[in-house]
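Take a look at the structure set out below.
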Amino acid sequence: MTNKNLSHLDWLEAEAIHIMREVAGQCERSVLLFSGGKDSICMLRVAEKAFRPGRFPFPLMHIDTGHNYKEVTDFRDKRAAELGERLIVRSVEDSMKRGTVVLKTPDESRNKHQSVTLLEALAEFEFDCAIGGARRDEEKARAKERVMSFRDEFGQWDPKNQRPELWNLYNARTHKGENIRAFPISNWTEMDVWQYIEREQLELPSIYFSHVRPIVRRGGAIVPVTEITPARPGEEIVDLRVRFRTVGDITCTAPVESDADTIEKIVLETATTTITERGATRLDDQTSDASMEQRKKEGYF
Amino acid sequence: MSAHDNIHDNGLLRFMTCGSVDDGKSTLIGRLLFDTKSILADTLTQIEKTSTKRGMDAVDLSLLTDGLQAEREQGITIDVAYRYFSTGTRKYIIADAPGHEQYTRNMVTAASTANLAIILIDARKGVLTQTRRHSFLAHLVNIPHIVVAVNKMDLIDYDQARFDAIVADYQAFIAKMGLFADGRDIQFIPMSALNGDNIVDRSESMPWYTGTTLLELLEKAPAAHTGHAEPFRFPVQFVCRPQDSANPELHDYRGFMGTVESGSVKVGDLLTALPNGRESRVKAVHLGGEAIAEGITEQAITILLEDEIDISRGDMLVKSGEVPAQKKEIDAMLCWLSETPLSPARTYLIRHTTRTSKAKLTGIAYKLDVNSQEQVEASQLVMNDIARVGFKLAQPLFADPYSQNRATGAFIVIDESNNNTVGAGMIL
């Protein structure tokens, strides 16, 4: 008996499967958020292991800011088609047209406005649970996040009013209009994610691997030069060998310098890096120590 | 060689730390993260800045486990936070719960998933009321491995006599209270989290101590709930019936999906389905779509049976001959978690494994003082109270005593009006 312990990846996978099956068992209408990013790619593999040979008991959904890398949205569409699962895409641009998202300035990042579009989509489909790929190691505010996180009818997260979570007895009950955000890979770290991708040989969008890209250096960060994020006057555009550690809205995701062009090399690089994932790559968390917490209270993942 | 070849062998250990900020608990966690090189440069820079801002000379490692904004403003931690580190051979999840009296509920929450508890004692102060409380709660929630960390040895000149006296005190206390009387594994380590003595590196200041360092102990602790064989318990979470599939082989497919909460199951085993009591043999066990010979504890598997039996979520598969009790009345230790007191008049929901039943309180036998373990008479329960209670249920539960099986002995109480989790119970 004592020698029959699971490896850490087996354990994390089993826990994630358990959580997804709880969502399927407890919620009437759930949805899995799939962006084409590495964390949600892992979640799709977990969902396959949880529910095959059946279909997923939930559709996939992406809240698209309209500012995503084409490699990633193409991958998103391809992966959903391969799995034969339904993919819903709702866009922040539609919310802007409806007037529910109003940017302060035309070039303001749309990233935080995803919350509005997400809440609109949850209401449109009457979803009572959205499964997301957030991890507790990403950020301080996430370290105390529940696996099943309760949101009121305004989508708000109240850190002082969360349900205690004991043993593996998850409580995903809601009244109409409220919803649960379920995080099956809460206990995974960035390293676990890469090790899982390596073990399961999961395909990833190409921009996760080392490639040459025009960038400018701005305030210590590497900022990719794109149509949406042009160089500012006086900035020097250089071609740099980079990869993305995390992928999201173009306006707030920065790549890191890297030669790692295989998953094995990325795993090794992750093992020896000295900068946290968000510290290196997120341009939106650095504004203040508490900015993630603020966004979560407003309905963000 | 790929990087994970040397990581996965020794699995994953979940542990918790019990103590207050004054005992150096946050510093201990910070030290573990720091000495295992789990803290990256940008995080370190951030806490260096904060330490300087607060006028400290050295980096305050306790800042690593600092919590949410509101709590930071109050200067205290008020909830369970989870931290992660890996040694290259084992991955760890730390549940960090505060030691304040009013937060019994957080400690119980953190303890529920822990396989090891570190109970911190300030070497200058010895065994205190809070040490007794933490030990009692670790005992109650049945954490299999206990480490008593006598911290701040640097402040008592690494005095062996003082350490020995604290160990003797503690042993006398648990013997008197009947805690951990089941032969549970208890270890004592003298340490200084501040200086890193006996955490990851062996202390040069305490040559008299020949035992293991904290990390060595964590690396060796068995990760599984118990070391001995347990009966097979498989609460059904979800039934897979892919009828719409184009594949005719799947037309009769009925997969019972769930997590093996204890024991193991092999192809050919004779199982009993509860509550209907019907039996069938295991035709196949699947893990992530692949057939496997045996499903073991903590694996999330799918079981196919030879006969068609009506089974749905909330039912349980067990081995015939190891059938648990079916209970419509339960006697349990209950920790009340909600600001709204337990009402004897109301109907609650009880979630036990994957099963949910309406439940009503039948009585409160007594309340326990968490500091003295004294039994006190009580007519109602408020937040952080622990009591022995009875419930009657609309649906039977398939339960084992919590002391024998954490998974099938545990339940939560849900308030239907707001769906909050309001109680945590352990069946006697």
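Each reported figure results from applying straightforward, stated rules to the coordinates on display, with no laboratory input. Only a predicted model underlies this, so the values are computations on that prediction, with no experimental measurement involved. Because the Cβ atoms are built from the backbone with ideal geometry, glycine has one as well, and the counts that use them run over all protein chains shown.
Structure data summary
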quantity	calculated
Residue mean of other protein chain beta carbons inside 10 Å, A:194-205	1
Residue among B:VAL200, A:MET191, A:SER35 farthest towards the positive dipole end of the protein assembly as shown, charges placed on Cβ	A:SER35
Lys/Arg +1, Asp/Glu -1 at C-beta; the protein assembly as shown dipole; positive extreme among B:ALA221, B:SER343, B:SER38	B:SER343
Rg in Å to one decimal, and Dmax rounded to a whole Å, for segment B:179-239 via C-alpha atoms	17.9, 59
Dipole in debye (nearest 20) - segment B:325-427, about Cα centre, beta carbon charges: Lys, Arg +1; Asp, Glu -1	480 debye
Descending semi-axes in whole angstrom, ellipsoid equivalent of the protein assembly as shown, from the Cα gyration tensor	39, 35, 25
Cut-off under 5 Å, modelled amide H: who pairs with B:MET316 long-range	B:VAL236, B:LEU274
For chain B, average projected area of the Cα convex hull in nm²	24.8 nm²
For segment B:114-122, 3J(HN,Hα) per residue [Karplus equation, 6.51 cos²θ - 1.76 cosθ + 1.60, θ = phi - 60°, Hz, x = Gly/Pro]	8, 9, 8, 10, 9, 9, 8, 10, 7
Karplus-derived 3J(HN,Hα), 6.51/-1.76/1.60, for each residue of segment A:238-250, Hz, glycine and proline x	10, 8, 10, 7, 9, 9, 9, 8, 9, 10, x, 4, 4
Mean Cβ neighbour count within 10 Å, used as a protection proxy, ranking A:45-52, B:116-123, B:210-217 highest first	B:116-123, A:45-52, B:210-217
In segment A:231-271, the GluC sites (Glu not before Pro) that fall in loop regions by DSSP, at most 14 other Cβ within 10 Å	A:GLU235, A:GLU236
For B:ASP185, distant residues with modelled amide H under 5 Å away	B:ILE146
Amide proton proximity set for A:TYR69, modelled H, under 5 Å, gap of 5+	A:ILE250
Shielding by partners - mean other protein chain Cβ count within 10 Å, residues of A:157-164	6
Under 17 Å from the Cα of B:LYS327 - lysines, other chains or at least 8 residues apart	B:LYS358, B:LYS360, B:LYS392
CD proxy at 222 nm, helix term only [per DSSP H run n ≥ 4: -39500 (n - 2.57); per residue of chain A; nearest 500]	-10000 deg cm²/dmol
Per-residue [θ]222 nm for chain B (sum of -39500 (n - 2.57) over DSSP H runs n ≥ 4, rounded to 500)	-5500 deg cm²/dmol
Cα-centred dipole magnitude for the protein assembly as shown, charges only on beta-carbon of K, R (+1) and D, E (-1), debye, nearest 20	1240 debye
Angstrom value of the Kirkwood radius, inverse mean 1/r, which spans all Cα pairs in segment A:117-248	18.1 Å
Cα-based convex hull, chain A, per residue volume (Å³, whole number)	146 Å³
Positive-end residue, chain A charge dipole about Cα centroid, Cβ charges, pick of A:GLY177, A:PRO233, A:LEU204	A:GLY177
For segment A:48-60, Karplus couplings with θ = phi - 60° (6.51, -1.76, 1.60), whole Hz, Gly/Pro x	4, 5, 6, 10, 5, x, x, 7, 5, x, 8, x, 9
Segment A:21-65, dipole about Cα centre (Lys/Arg Cβ +1, Asp/Glu Cβ -1), debye to the nearest 20	220 debye
Aspartates and glutamates with Cα under 16 Å of B:LYS125, excluding same-chain neighbours fewer than 8 positions away	B:ASP22, B:ASP23, B:ASP154, B:ASP157, B:ASP159, B:ASP164, B:ASP169
Principal axis dimensions, largest first and in whole angstrom, of segment B:233-319 by Cα	36, 27, 21
Calculated P(r) of segment B:325-427 - Cα pairs past 22 Å, %	23 percent
Pairs beyond 32 Å (Cα-Cα), from A:LYS38/B:LYS283; A:LYS70/B:LYS49; A:LYS160/B:LYS319; A:LYS38/A:LYS160; B:LYS176/B:LYS220; A:LYS144/A:LYS176	A:LYS38/B:LYS283; A:LYS70/B:LYS49; A:LYS160/B:LYS319
Shielding of A:131-143 by partner chains, average beta-carbon count, 10 Å	3
